[in-house]
Each structure stands twice: as C-alpha cells, then as structure tokens.
There are 2 protein chains.
Amino acid sequence: MTTMETLGARAKSAARPLQTATTETKNQALLKIADALRENCAYILSENEKDLEAGRKNGMAPSLLDRLALSEARVAGMAKGVSDVAKLPDPVGAVLSETTRPNGLKIQKVAVPLGVIAVIFEARPNVTSDAAALCLKSGNAVILRGGKEAIHSNTAITKVMRDALRETELPEDCVQLVEDTSRESSTALMRLNGYVDVLIPRGGAGLIRSVVENATVPVIETGVGNCHIYIDKDADIQMAVDITYNAKTSRVSVCNAAESLLVHKDIAEKVLPPLKEKLDEKNVELRGDEATRAILPGIKAATEEDYATEYLDYILSVHIVNSLEEAIDHIYRYSTGHSECIITENKAAAEKFLAEVDSAAVYHNASTRFTDGGEFGFGAEIGISTQKLHARGPLGLPQLTSVKYKIYGNGQRRE
Amino acid sequence: MTTMETLGARAKSAARPLQTATTETKNQALLKIADALRENCAYILSENEKDLEAGRKNGMAPSLLDRLALSEARVAGMAKGVSDVAKLPDPVGAVLSETTRPNGLKIQKVAVPLGVIAVIFEARPNVTSDAAALCLKSGNAVILRGGKEAIHSNTAITKVMRDALRETELPEDCVQLVEDTSRESSTALMRLNGYVDVLIPRGGAGLIRSVVENATVPVIETGVGNCHIYIDKDADIQMAVDITYNAKTSRVSVCNAAESLLVHKDIAEKVLPPLKEKLDEKNVELRGDEATRAILPGIKAATEEDYATEYLDYILSVHIVNSLEEAIDHIYRYSTGHSECIITENKAAAEKFLAEVDSAAVYHNASTRFTDGGEFGFGAEIGISTQKLHARGPLGLPQLTSVKYKIYGNGQRRE
C-alpha cells in the first residue's frame, strides 16, 4: 500500500461508523473540536508564524500573506464556525420520498453520507476546520490536502481536531491531512478510486483544470466565476449603477464578483457615465468595446480575452449589445456558469433571461454577490459548484449526501 | 476541430433550444420518432441483418446474437418504449424548493436539463432509441456510441430518429451517433470536456473500468452488481428459498440478479438443503465455503475470487456467517454497492442491515430483482447508478436533470 492508499483505507474505515453515527454524537464531536481550537490557539498561532515567516522569506505577496495569517480573532472565528455547524440540521437519515408499489413493496428514498470526501485547497488555513466540520456533520470522513505555504498551520489545526476526536465516540481518522504537499501527492489523491467517493477542489482556475485533467475519482468542480451583469434597456438607472457597483467592488477576490458588464444600446448613454463615476470611487478599470469607448472615451479597449477572463481584481469588461438575445448569446459564449444578473423593470425580459441563461444562479435585479451558502440560507458551504452533476450552486450540508433506497417487502419476487 | 469536437459542438448547440422546449414540443417529437420507427421497420431489420450476418461470420455466441437480433415485434417494442416516454411527467421546470430570505430575495430551485449526455453502450440496439427518448424528454441532447457489432442497426435507428426530428421544431442534432466504433472514438468521447455534461456508460465491468480510467468528463457509473442475499437466523425458510431462487434465476444476465448467498449458521442446516433442491431445477451451480460443503457435500469450493465475482450466470457463491455483523462485514468487503437483501422476521435485524449496508438498494424480505426504474415507479430508466454522486439506483427522468437557482430581487446588494 502507498502512503496515500493507507490514508484512504483509514478514511474508509472511519467513514463506516460515522455513516450511522447519531446527530448527537456528531454534534458533541463538533463542540469538542471547537473547544479544542480555542484552547490551543497559542499553539496554532505559533505554527502559523512558521508559515508566515517562510512566506515572507519567499517574497509572498501581501494579499496572500494576509489570507495566510491567523490571529486570535481568526482562530476564534474558526471555532465559532465549527460550533455553528453543530447547530445546523443533520441532513443524514432524512426520508426524501416514500412510495408503496402495487405489489406492496414500500420504497423509501433516504439521505445517506457520501462516504469519504477529499478536499484539495489553497491558501487559507481556515478551510481546514470549515471543511472538516461540514464533512463530519454530514457523516463523511474527510481527507484534506492544503497548499505547502500553509502546511504548518494546517498540520497544527488538524492535530488539534484529531486530538479532540480521540475524546469522542468517533474515530480520529474521520479527519486526516495529507502532509506531503508535493504535486505527486495531489495527483495520487485525485486517483484514489475505491477510497474517495468525491473530490472537491477549492481554488483557482489552475487547480480546477488540473483536477479535471487528472482525477479519476468523481469530482465536483467549484468556484470559477466569470459572472455577468446585463443592464437591459428597461433597467432602472440608479438600481443598475448600485447593483453593478456592489457586484464588482464589494469584494473583488471572490468567485461571485461581477467580471463583465453587458449594456443594451438604448440605455448605454444614460447608464454608463454615472456608472463609471461610481466605479471611479474604487478606481475600477473599465475595458470596453468600440461602442462603449465612444460613450466613455479614454477607457482601455477590451480584447476577446478580456471577455473570457475572471479578473478577481478592480477591472470590469464592458460590451454593448443590440438586444436581450445578444446579451444571452454573449453569456452563453463566455460564462463559466456561476452567476449572472439581468437588471430590468420588464418582467418578460427577466423571465426570458432567467430561463435561457444556463448558470447555477440567475438573478433579476440583485447582486451576483449573493451566491453563497450563508446568503441562500444553507448555513455554511464547502464551495460553489459550477458543474451540473450532483449539485449546482452553493454546496451546503444536504449537498454532501447521497441517497439509498430502503425497500420493505413481505416475500415479493419478480416475475 | 476533430470529428468528435464537431459532434460535441453540434450537440451543445442543439441542447440550447432543447433546454427550454415545451413539454408538448418534446412529446410531439417523441411520437413522431415512434411512428417513424414503426414505418421504417423493414429498413431497420435489413440493416440489422447485416450486423447479424457479420456476427455469425465472426462466430458470435448465440446469446449475444439473440441480444443483437431485432424483429418486427422488437422494433414495435422500441417504438412503444419511445411513445411511453412521451406519457411520463416532464421533470424540467419543476420548482423543487422556494424560499424568501430576510432581505426579500426570493430564491427558487428549479430542475433544468443537464445539457449534453453521452451514452456508451454495448450489444443491444434498442438502447439507441431508449436512451434517445429519455434524454429528449428530459431536455438533453444525446451523443450515442454503441458497439461495432451493432453499427448498422444503430446507424439505421439513429437515421430514422433524426429524419423524424427534422419534421419537428427540435434540431435533428438532439440525437447523434458516433459512427466510428474504434477504441479511439470511445476515448475521445470520454474526454470531450466543454461539450459533454455527463457520460453514462452502459455495459460490463470492462467498459466501466475503461471509463473510470480514461474519462475526464463527469461520469455516472452504472450497472455492475455483485448482489447479496443474507438469510438471517430468524428467516422464514420458505420465503428464503423463494426469494433466493427468484433473485438468482429469474434472469441471470442482469445486474440486479443475486450472485452471492450468506447464511446464518443457526439456520444453514434447515434452509440450505431445500434451497439447493429448488436451485437444482435450473441447474444452478453452488460454490461454498467449508461449512456450506459440510451441509451440501459435493458442491464446489468457493475461492476468494468467487465472492468478488458477478457471474451473470447460473452460479451462486455461498458463505456461512456466525452473525448479522459478519454478514454486513462480508458485504462491505465484496459488494459493488448495487442491491443487497436480508431475509428475516426480526425487525431490529432488518433495520440494522438496511442502515449499515451501504448499497443503492437495500431490501428486507424481497428479491433484489426489483432494482429497476419500472419496478420503482420511475417509468423507464437509462441505467442503474452504483456511484454515490448525483444519482444512485435507477436513473429515471428526474435523475437526468440538474438544478438552477432563480433569484428574484428588487435591487438587493450585499454588504
């Protein structure tokens, strides 16, 4: 057995008692983990300091150093995140449907854990406890594989969680970390068939591509969002300005931020100047087509590549369209299927947009920034799925389950 | 563009109008296809004859020739299958949940088509029309890739369906066949990311393995069933004999047939002799462990490999266990996660088995042969999923959909 197979076998074996653990057992374990994170804050911070030191030495960008840095408040936030998951409803065991067939067979469709979930993630060490808590509550063993820049932090957080699990009825192997952060270990995890039931990559486009290319285990693709706002000819100008400003600037580094703006030609002259004025407050760089630049002289020209780019920065591409249909066509061509919004007072136009744009979340008159487990009322999420299989949109606890059919008979045989 | 990419692009482009087609439009197309299959029966049979001739020349086994052979009755059956799908409820557009958030956002979760479904299948030409009908009704374009032994039949059936589609509002590219039956074409289809939303392989363990190894598009694994019957110490002897006989012999070549029998030691002497007598009617070969052979002298010894084998034949492996727990452990080790059954009059034992055995369908006192879309009341199925992601068990129309969130606001922005 390779190291990775050993890890997989341990996870699979831990998943077995975990799949039938009661809600109370799982909640107690989560509260123990939350306590342990708080109690071991100093240890976690000292290990985190090692990562920060290495980061600084390697010339890590300040924004990345900030994502990597833990503090007492951040560790307390992680602990609160874990205990909040204890408060969420347990998705396991829910009877999703029940039917009695003419032959008397009673067929129940019941929610069950997926089994073993692998999570490959980058940068932020808080994902370690967030992902572990969500997997545990949904009855799944988890194999975590973070980036090498956070290895000391992730190892410390995982050690604290496993030590806490040892004081519960659940096996400590419910939570494991891949300590080898080489590219090979990542690939081995992606190919751990027979042990891993689903792999969830959390990271940028490069990670997602690598997973799609290399994984042989089932995958849920997450998080790449080239999100569009379409300002229809019948839009309320002020609302269009406010929503676009919010979707672009409230947090630029996230997948539900707007990256591209489409504007109907009939409203472009009215909406673009005030919008630019508002976006100038945050120094957003606009890149537009010829028609846009005729209205907003001095902005950069947008290339084909701009329309396909998820900037994750204070940049917005702009394209003027002749019709709603043209806007939908543009989105069909460039969207990553995450979140798109139409701003209009015309209900028929809104319904057409919502029906024909094939993305996880389609908005009428609201910011794309709401595509989020918490905002959707799911309580917490492990990522945003942009694929169509299994789950689409925010991945909350119910999305971390599968189903099983329980069939009750009294001797039925098939002819 | 490669040939396969052209096929993919055509499917993707056909999927766009199809995803918003009305139920009536789709049903009319299905009825047109059903009519066309009936009207072109002679043509289909003459093309099928070419495949049969080639099969006979290549020494194809009689059972395979039988699966390949069409007749007027079989073509009529295919046509009826297609028109039956028209009668099933349309899963697309169903509002699966609706919630209004404290900020006033109304969030609707709506069923939408997956997009483009690829189906790789072996042998039976009727899969061509079955799969096309289910995909069409659920709003999905389909790319079919059958085996080379049925290429004339599949090409003829697809041509008839596409000609029929040309007389409807739907694009003929809603249904396409990969005419190149080389191994390379199969692999190219498995890696058609950006065009194929899900690949469903329908075939034996070899095909499934190849797909798992090679596919980079999302896959739903189907159909491998090493199904177990466990006769508990508290079983009704006659029921145990009848269910086991039915599960093993009613159709041996299918994935929901029983392949392995577990018997509690306390009931083995009572149940095994009458069971063997019954199975002897169909000349079922038993392969047992030492304890079984002490009760049924003269049967073959079972090897480790026997317990892991899906025979799809008149063979049954037998193993005597000391407890319910031991039966569950054995299933945990050898099962492919398809269907397993406990026969017992003890409700607590039944509930323990149904909770702890992690298979798509778990039965109490009924034959495993019921794991089937029709028997579950789904109307029709495109296969039986044995994976946990997306859908598990019979894949009916609702399982061929994804979801989208439609969010209605009035200017909401996120803080």
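The values are calculated or read from the model by the stated rules, or taken from the named source; none is laboratory data. A quick note: this is a predicted structure, and the numbers were derived from the prediction, not measured. In this analysis, Cβ positions are derived from the backbone assuming ideal geometry, glycine residues included, and neighbour counts consider all displayed protein chains. Side chains included, ligands, DNA and RNA excluded: accessible areas come from the protein's heavy atoms. Shrake-Rupley method; radii C 1.70, N 1.55, O 1.52, S 1.80 Å.
Summary of computed values
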{"quantity": "Residue in region A:363-374 that is at pLDDT below 95, under 30 Å from A:D90 (Cα atoms) and more than 9 Å from chain B (Cβ to nearest Cβ) present", "calculated": "yes"}
{"quantity": "Qualifying positions in region B:234-279 - hydroxyl-bearing (S, T, Y) and buried (at least 19 other Cβ atoms within 10 Å of the Cβ)", "calculated": "B:T244, B:Y245, B:T249, B:S260"}
{"quantity": "Matching option when the condition is within 14 Å of chain A (Cβ to nearest Cβ) and among the small types (G, A, S), among B:S153, B:S182, B:S186, B:S138", "calculated": "B:S138"}
{"quantity": "Selection count where residues are within 9 Å of chain A (Cβ to nearest Cβ) and open to solvent by less than 30 Å² (accessible area, probe 1.4 Å), scope region B:84-107", "calculated": "2"}
{"quantity": "Residues being open to solvent by 30 Å² or more (accessible area, probe 1.4 Å) and either at pLDDT 90 or above or in contact with a Leu (Cβ under 6 Å, 6 or more places away or on another chain) (or both) - total across region A:219-233", "calculated": "1"}
{"quantity": "Members of region A:363-380 that are open to solvent by 20 Å² or more (accessible area, probe 1.4 Å) and in contact (Cβ under 8 Å) with a residue 60 or more places away in the chain", "calculated": "A:D372, A:G379, A:A380"}
{"quantity": "Of all residues making up region B:305-328, the number that are surrounded by 17 or more Cβ atoms within 10 Å (Cβ to Cβ) and without any contact (Cβ under 8 Å) to a residue 12 or more places away in the chain", "calculated": "0"}
{"quantity": "Unique residue being β-branched (V, I, T) and under 25 Å from A:L18 (Cβ atoms) when the list is A:V75, A:V127", "calculated": "A:V127"}
{"quantity": "Region B:382-407, subset more than 23 Å from B:C227 (Cα to Cα) and more than 7 Å from every other protein chain (Cβ to nearest Cβ), residue surrounded by the fewest Cβ atoms within 10 Å (Cβ to Cβ)", "calculated": "B:P398"}
{"quantity": "Single residue of region A:205-218 satisfying the filter (open to solvent by 40 Å² or more (accessible area, probe 1.4 Å) and small (G, A, S)) that is farthest from the other protein chains (Cβ to nearest Cβ)", "calculated": "A:G206"}
{"quantity": "Qualifying residues in region A:350-362 (those that are open to solvent by less than 10 Å² (accessible area, probe 1.4 Å) and part of a helix (DSSP H, G or I)) - the one nearest to the other protein chains (Cβ to nearest Cβ)", "calculated": "A:L354"}
{"quantity": "Near pairs, Cβ below 8 angstrom, 6+ apart or cross-chain, from region B:39-52 (without any contact (Cβ under 8 Å) to a residue 60 or more places away in the chain) to any residue that is open to solvent by 60 Å² or more (accessible area, probe 1.4 Å)", "calculated": "B:C41/B:E72; B:L45/B:E72"}
{"quantity": "Leading residue by the ranking (nearest to the other protein chains (Cβ to nearest Cβ)) among those in region A:1-36 that are over 30 Å from A:E184 (Cα atoms), β-branched (V, I, T) and open to solvent by 60 Å² or more (accessible area, probe 1.4 Å)", "calculated": "A:T20"}
{"quantity": "Pair list, Cβ under 6 Å, 6 or more apart: region A:196-211 residue farther than 19 Å from A:K12 by Cα, other residue among the small types (G, A, S)", "calculated": "A:R202/A:G383"}
{"quantity": "Qualifying residue in region A:94-107 (condition: among the small types (G, A, S) and under 18 Å from A:K148 (Cα atoms))", "calculated": "no"}
{"quantity": "Filtered residue count, region B:183-203, keeping only those that are closer than 23 Å to B:G396 by Cα and among the acidic types (D, E)", "calculated": "1"}
{"quantity": "Options A:E39, A:E72, A:E53, A:E47: the member that is buried (at least 20 other Cβ atoms within 10 Å of the Cβ), modelled with pLDDT of 95 or more and farther than 30 Å from A:R414 by Cβ", "calculated": "A:E47"}
{"quantity": "Hits in region B:312-324 (condition: of a type in the set (A, V, I, L, M), touching a Lys or Arg at 6+ places or on another chain (Cβ under 9 Å) and not in a strand (DSSP E or B))", "calculated": "B:L324"}
{"quantity": "Number of the exception - B:Y43 against (1) out of contact with any Gly (no Cβ under 9 Å at 6 or more places or on another chain); (2) not in a helix (DSSP H, G or I)", "calculated": "(2)"}
{"quantity": "Output for region B:170-179, where each listed residue is in a loop (DSSP other than H, G, I, E, B) and touching a strand residue (DSSP E or B) at 6+ places or on another chain (Cβ under 7 Å)", "calculated": "B:V178"}
{"quantity": "Check on A:D372, over 21 Å from A:S253 (Cα atoms), assigned to a loop (DSSP other than H, G, I, E, B) and within 20 Å of the chain's Cα centre (by Cα)", "calculated": "no"}
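Results for (1) basic (K, R); (2) farther than 24 Å from B:G396 by Cα; (3) open to solvent by 10 Å² or more (accessible area, probe 1.4 Å); (4) not in a loop (DSSP other than H, G, I, E, B), shown as yes or no for each residue.
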{"site": "B:L134", "(1), (2), (3), (4)": "no, no, no, yes"}
{"site": "B:H152", "(1), (2), (3), (4)": "no, yes, yes, yes"}
{"site": "B:T155", "(1), (2), (3), (4)": "no, yes, yes, yes"}
{"site": "B:T158", "(1), (2), (3), (4)": "no, no, no, yes"}
{"site": "B:D163", "(1), (2), (3), (4)": "no, yes, yes, yes"}
{"site": "B:T168", "(1), (2), (3), (4)": "no, yes, yes, no"}
{"site": "B:T181", "(1), (2), (3), (4)": "no, yes, yes, no"}
